[in-house]
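First up is the structure itself, then whatever we jot down about it.
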Amino acid sequence: MTEESAGGVAKRFLYVNRRAPYGTIYALESLEVVLIGAAFEQDVSLAFLGDGVYQLTKGQDTKGLEVKNFSPTFRALEDYDVTKLYVEKEALEARGLTEADLVVPVEVVGAERMAEIMEAQDVILSF
Amino acid sequence: MKFSILVNEGPYTHQASDTAFQFVKAALAKGHEIYRVFFYHDGVNNGTRLTVPPQDDRNIVKRWSELAAEHKLDLVVCIAAAQRRGLMDKSEAKRNGKDADNIAPGFRISGLGQLIEAGIQAERLVVFGD
């Protein structure tokens, strides 16, 4: 399950985002781990399940909440070589969303494929 | 087996904090290694020595401190999460101009890199949260 990289053995890290972006701090603090973790040159993927798909939606306006809108940060992930973003198809559909509603390019996968992606990981951090 | 542990919830408010402790205790009793316990989100509140639970209740913070002393556990509190929630050691208090610190014995404050490294070094990273 591991592969050799320039710095030694890279592990497969999957960050599972299950919660809406606001209301709790989990989504924001998850993204903070992703950004720090990117420096470790591991094989990184992000998964968005359930209400977690809302983290990626366009047009977020948090002024009334008086919290920071952190959705633009997802667009910066590419600069950190974090490019594998998987979004659960069923979660999008249940919420009336499509890939066009999201701020970054993603791979939309069904729940079964998502299970396979999880199975292939070394480390899963669930937020 | 070599385990790393992530604790994402606070003491007394969520079962995750108790279950993480019981898991670590049981793993050590079976001869497993705990590489690191990392406290994130409200989990950082497991590391405040100012907690005063009722006398007939378990003392979650003291329990971690004692287990750390007995087994030389590495209990790491995330610095970014700790700063938001008011958990400080002496040097952090001084650096941020605060008049007190509250970190419990056996805990140390460090960065999120310690969580990633814990995931790299351990054979299993087990997450306790909601």
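The values are calculated or read from the model by the stated rules, or taken from the named source; none is laboratory data. Since the model is a prediction, treat every value here as computed from it, not as a measurement. Cβ atoms come from the backbone with ideal geometry, glycine included; neighbour counts cover every protein chain shown.
Looking at the stretch B:21-53 only, could you name the residues that are in a strand (DSSP E or B) and either loosely packed, with under 15 Cβ neighbours inside 10 Å or among the polar types (S, T, N, Q) (or both)? Full working, then the answer.
Of the stretch B:21-53, the ones in a strand (DSSP E or B) are B:33-39, B:48.
Those that are in a strand (DSSP E or B) and either loosely packed, with under 15 Cβ neighbours inside 10 Å or among the polar types (S, T, N, Q) (or both): B:33, B:48.
Quick one: in the stretch B:54-77, which of the residues that are farther than 13 Å from residue B:104 by Cα and in contact with a helix residue (DSSP H, G or I) (Cβ under 7 Å, 6 or more places away or on another chain) is nearest to the other protein chains (Cβ to nearest Cβ)?
Residue satisfying both the conditions and the ranking: B:73.
Sort through A:59, A:50, A:64 and tell me the only one that's more than 20 Å from residue B:120 (Cβ to Cβ), within 13 Å of chain B (Cβ to nearest Cβ) and without any contact (Cβ under 8 Å) to a residue 60 or more places away in the chain. Show your work before the answer.
Details: A:59 fails: within 13 Å of chain B (Cβ to nearest Cβ); A:64 fails: within 13 Å of chain B (Cβ to nearest Cβ).
So the residue among A:59, A:50, A:64 that is more than 20 Å from residue B:120 (Cβ to Cβ), within 13 Å of chain B (Cβ to nearest Cβ) and without any contact (Cβ under 8 Å) to a residue 60 or more places away in the chain is A:50.
Give the residue that is farthest from the other protein chains (Cβ to nearest Cβ), with candidates limited to residues of the stretch A:102-112 that are surrounded by fewer than 16 Cβ atoms within 10 Å (Cβ to Cβ) and closer than 18 Å to residue A:83 by Cα. Walk me through how you get there before you give the answer.
Narrowing the stretch A:102-112 to residues surrounded by fewer than 16 Cβ atoms within 10 Å (Cβ to Cβ): A:105, A:107, A:110-112.
Going one step further and asking which of them are closer than 18 Å to residue A:83 by Cα, we end up with A:105, A:107.
Working: A:105: 25, A:107: 23 Å.
Here the answer is A:105.
Of the residues in the stretch A:68-96, how many are out of contact with any Leu (no Cβ under 9 Å at 6 or more places or on another chain) and hydrophobic (A, V, I, L, M, F, W, C)?
The total comes to 1.
Of everything in the stretch A:4-35 that's surrounded by fewer than 17 Cβ atoms within 10 Å (Cβ to Cβ) and touching a helix residue (DSSP H, G or I) at 6+ places or on another chain (Cβ under 8 Å), which residue is modelled with the lowest pLDDT?
A:35
Looking at this structure, is residue A:120 within 14 Å of another protein chain (Cβ to nearest Cβ) and either of a type in the set (Ser, Thr, Tyr) or under 23 Å from residue B:122 (Cβ atoms) (or both)?
On the way: within 14 Å of another protein chain (Cβ to nearest Cβ): no; either of a type in the set (Ser, Thr, Tyr) or under 23 Å from residue B:122 (Cβ atoms) (or both): yes.
It is false that residue A:120 is within 14 Å of another protein chain (Cβ to nearest Cβ) and either of a type in the set (Ser, Thr, Tyr) or under 23 Å from residue B:122 (Cβ atoms) (or both).
Select, from B:61, B:77, the only residue that is among the β-branched types (Val, Ile, Thr), within 13 Å of the chain's Cα centre (by Cα) and within 23 Å of residue A:36 (Cα to Cα). Before you say what the answer is, go through the steps one by one.
Numbers: B:61 fails: within 23 Å of residue A:36 (Cα to Cα).
Answer to the selection: B:77.
Condition first: closer than 19 Å to residue B:9 by Cβ and touching a helix residue (DSSP H, G or I) at 6+ places or on another chain (Cβ under 6 Å). Now tell me which residues in the stretch B:22-40 satisfy that.
B:34, B:36, B:38, B:39, B:40
Inspect the stretch B:5-15 for any residue being in contact (Cβ under 8 Å) with a residue 60 or more places away in the chain and acidic (Asp, Glu) and give the result as yes or no.
Here is the first cut: in the stretch B:5-15, the ones in contact (Cβ under 8 Å) with a residue 60 or more places away in the chain are B:5-9, B:14.
Narrowing the set further to residues that are acidic (Asp, Glu) leaves B:9.
Among the residues of the stretch B:5-15, at least one is in contact (Cβ under 8 Å) with a residue 60 or more places away in the chain and acidic (Asp, Glu), which makes the answer yes.
Take the residues in the stretch B:88-109 that are over 12 Å from the mean Cα position of the chain (by Cα) and surrounded by 15 or more Cβ atoms within 10 Å (Cβ to Cβ); name whichever of them is farthest from residue B:25 (Cα to Cα). So that I can check it myself, show each step before the final result.
So in the stretch B:88-109, the residues over 12 Å from the mean Cα position of the chain (by Cα) come out as B:88-102.
From the residues that got through so far, the ones that are surrounded by 15 or more Cβ atoms within 10 Å (Cβ to Cβ) too are B:88-89, B:92-93, B:101-102.
Values: B:88: 26, B:89: 26, B:92: 30, B:93: 31, B:101: 28, B:102: 24 Å.
Checked the stretch B:88-109; the qualifying residue farthest from residue B:25 (Cα to Cα) is B:93.
Exactly one condition in (1) in contact (Cβ under 8 Å) with a residue 60 or more places away in the chain; (2) more than 14 Å from chain A (Cβ to nearest Cβ); (3) not hydrophobic (A, V, I, L, M, F, W, C) is not met by residue B:129; state its number.
Result: residue B:129 fails condition (2) only.
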